[in-house]
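Below is one structure, written out as structure tokens, with a few remarks after it.
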């Protein structure tokens with residue numbers, strides 16, 4: 001049976017950080033140019049394949065050339081051409097994650113049909129979970145996420161107030177999704193992985209009854225907003 005390596009989110013953060021450290025040519029300003037990273041990663045090529053999802057029932061996969069080190073990232077043409085750019089960018093980042101995290105596991109994946117067989121592996125879910133975690137941290141780097149979350153929290157609560165922490169969280173996530181060009185569902189997952197969703201909700205529930213409202217964006221809480229106590233509630 002194929003061995004599937006697993007990672008903690010902290011180890012994935014280290015791998016992504018090391019990738020950026022070794023790639024000074026990649027601009028750090030969002031949105032991160034995942035296509036540049038993919039196109040300039042050694043022994044990795046991108047192929048847009050018509051009807052991949054229709055014929056094989058997978059939207060994307062990584063295949064290894066026979067007797068060769070080259071990895072082919074195959075993406076269904078409909079995803080590349082028709083779906084929103086944010087979705088396509090995340091698919092690229094997720095498949096690139098398999099190259100960095102699961103190279104040994106895909107060594108025998110030579111054709112898309114082989115990738116379908118790998119889907120039946122009992123630990124496939126963990127392979128996908130780690131790949132999505134990598135993709136999220138690649139497209140939404142922690143160093144950029146923290147100050148952006150702080151700033152957008154201030155913007156959202158100034159607009160919506162503190163009455164509904166779910167709306168505040170959705171509002172922050174929507175702004176982050178636009179800034180980083182990532183689907184909002186992945187942005188919400190990224191906030192959760194960083195522990196920022198609970199901190200946003202807590203800070204919002206405190207609401208205007210406190211003299212100081214803070215949105216903590218790291219282990220040390222960072223001031224995000226000061227507001228005067230509402231008169232008479």
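The values are calculated or read from the model by the stated rules, or taken from the named source; none is laboratory data. Note that the coordinates shown come from a computational prediction; the quantities given were computed from them, not determined experimentally. As a convention, Cβ positions derive from the backbone with ideal geometry for all residues, glycine included, and neighbour counts pool all protein chains shown.
Of the residues making up the stretch 167-182, those that are touching a residue at least 24 places away in the same chain (Cβ under 8 Å) and over 16 Å from the mean Cα position of the chain (by Cα) are 168, 169. Evaluated against (1) surrounded by fewer than 14 Cβ atoms within 10 Å (Cβ to Cβ); (2) modelled with pLDDT of 95 or more; (3) not in a helix (DSSP H, G or I), residue 108 falls short on exactly one condition, (2). Just one of the listed residues (144, 86, 173) is in a helix (DSSP H, G or I), out of contact with any strand residue (DSSP E or B) (no Cβ under 8 Å at 6 or more places or on another chain) and under 16 Å from residue 16 (Cα atoms), namely 144. Assess whether residue 118 counts as being surrounded by 15 or more Cβ atoms within 10 Å (Cβ to Cβ) and touching a residue at least 60 places away in the same chain (Cβ under 8 Å). Yes. Taking the stretch 155-169 as the range and being assigned to a helix (DSSP H, G or I) and either in the same structural domain as residue 93 (by TED's automatic domain parsing) or surrounded by fewer than 17 Cβ atoms within 10 Å (Cβ to Cβ) (or both) as the test, the residues that pass are 155, 158, 159, 160, 166, 167.
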